[in-house]
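The structure under discussion is supplied below as structure tokens; questions concerning it will follow.
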């Protein structure tokens, strides 16, 4: 059987790089990049280009792309959109190409580029995602983007949710995945209540963007599967 492993922080990514081309990576940044990417595609975005710096997004803006930029939880001034799923409405993104830069998620995508497939995971598309992982039948790395190289609670809980859904069809032996499953079992009955303790949720409160938490914790609402391939992200679900 294929295996599932969990990378709890980008700082640990170097330990998993060997043989990456034969593995499927799921990049996880629940609050908020991977959730926002799923919402943007559900609302008709054509393509998303993850870039490292706001200056790169600004350069694409000059070429007619929508530029979305976030740092430290805040929208960068003078950009079209931020990193909130509530920003990426159909009215604003339908038919558009988006250059996106965020504190954590876009970096994790770029780090994963050598993998067999790099898919974007969120609670919103978890059913579509896990069905694809099951049928593709490769080893899986669940890559938590964390917060500035540190472990975070929400990404790990999501990794545990994915691993729980795939249990039985995959070998799970690494402690990080086992711990993620245990955290998910504690959180499963009320994700919103459980994650109130998370540092990023407290950051949301200080920035007065608590409503994003509700948007990010909806489950199985979107039938999209964003894939990072050849430098850009497209919705591969119907491909």
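Derivation of every value follows stated rules applied to the coordinates shown; laboratory data play no part. In this text the structure is predicted, and so the values were computed from the model without any measurement. A quick note on method: Cβ atoms are made from the backbone with ideal geometry, for glycine too, and the neighbour counts reach across all protein chains shown.
Report, in whole Å, the centroid distance computed from the Cα atoms of the range 37-64 and the range 167-239.
21 Å
Also, I was wondering about something else. For the chain, compute Rh as the Kirkwood radius over C-alpha pairs and then the Stokes-Einstein diffusion coefficient at 10 °C and 1.306 mPa s; write the answer in µm²/s, rounded to an integer.
91 µm²/s
Sort the following peptides by mean Cβ neighbour count (other Cβ atoms within 10 Å, averaged over residues), highest first: 21-29, 131-139, 46-54.
In descending order of packing, they fall as 21-29, 46-54, 131-139.
Okay, moving on. For 37, 172, which order do you get if you count the other beta carbons within 10 Å of each Cβ and list the fewest first?
Exposure proxy ranking, most exposed first: 172, 37.
List the pair-distance distribution P(r) of the range 101-179, using every Cα-Cα distance, as the percent of pairs falling in each 10 Å bin from 0 up to the bin containing the longest distance, rounded to whole percents.
Final binned percentages: 16, 52, 30, 2.
Let me ask something else about it. What's the angle, to the nearest 10 degrees (0 to 90), between helix 153-166's Cα axis and the longest principal axis of the chain?
Approximately 50 degrees, to the nearest 10.
Determine, for 130, 6, 221, the number of other Cβ atoms within 10 Å of each Cβ, and report the residues in order from fewest to most.
221, 130, 6
Right, next: Could you tell me, in Å, what Rg and Dmax come out for the Cα atoms of the range 1-79?
15.7, 49
Using only the alpha-carbon atoms, how far is helix 33-42 inclined from the longest principal axis of the chain? Give it as 0 to 90 degrees, nearest 10.
Rounded to the nearest ten degrees, it is 70.
Right, next: Per-residue ellipticity at 222 nm for the chain, helices alone: DSSP H runs ≥ 4 residues times -39500 (n - 2.57), over residue total, nearest 500 deg cm²/dmol?
Working: 10 runs with 86 residues, N = 239.
Using -39500 (n - 2.57) per qualifying helix, the result is -10000 deg cm²/dmol.
Something else: Taking neighbour Cβ counts within 10 Å as the exposure measure, how do 192, 200, 208 sort from fewest upward?
208, 192, 200
Please list the three semi-axes, largest first and in whole Å, of the ellipsoid equivalent to the range 20-121, using sqrt of 5 times the eigenvalues of its alpha carbon gyration tensor.
For the range 20-121, the ellipsoid semi-axes come out as 21, 14, 13 Å.
Hey, another quick one. Output the 0 to 90 degree angle, nearest 10, between the alpha-carbon long axis of helix 126-136 and the longest principal axis computed from the alpha carbons of the chain.
For helix 126-136, the angle is close to 60 degrees.
What distance in nm separates the simple spin-label points at residue 196 and residue 167, each placed 7 Å from Cα in the Cβ direction?
2.7 nm
Based only on Cα atoms, what Rg/Rh ratio does the range 129-239 have, Rh being taken as Kirkwood's radius?
Taking Rh as the inverse mean 1/r over Cα pairs, Rg/Rh reads 0.97.
If packing is taken as the mean number of other Cβ atoms within 10 Å per residue, what is the order of 77-88, 7-18, highest first? If you can, show how the numbers build up before the last one.
Details: 77-88: 19.8, 7-18: 16.4.
Ranked from most to least packed, the peptides come out as 77-88, 7-18.
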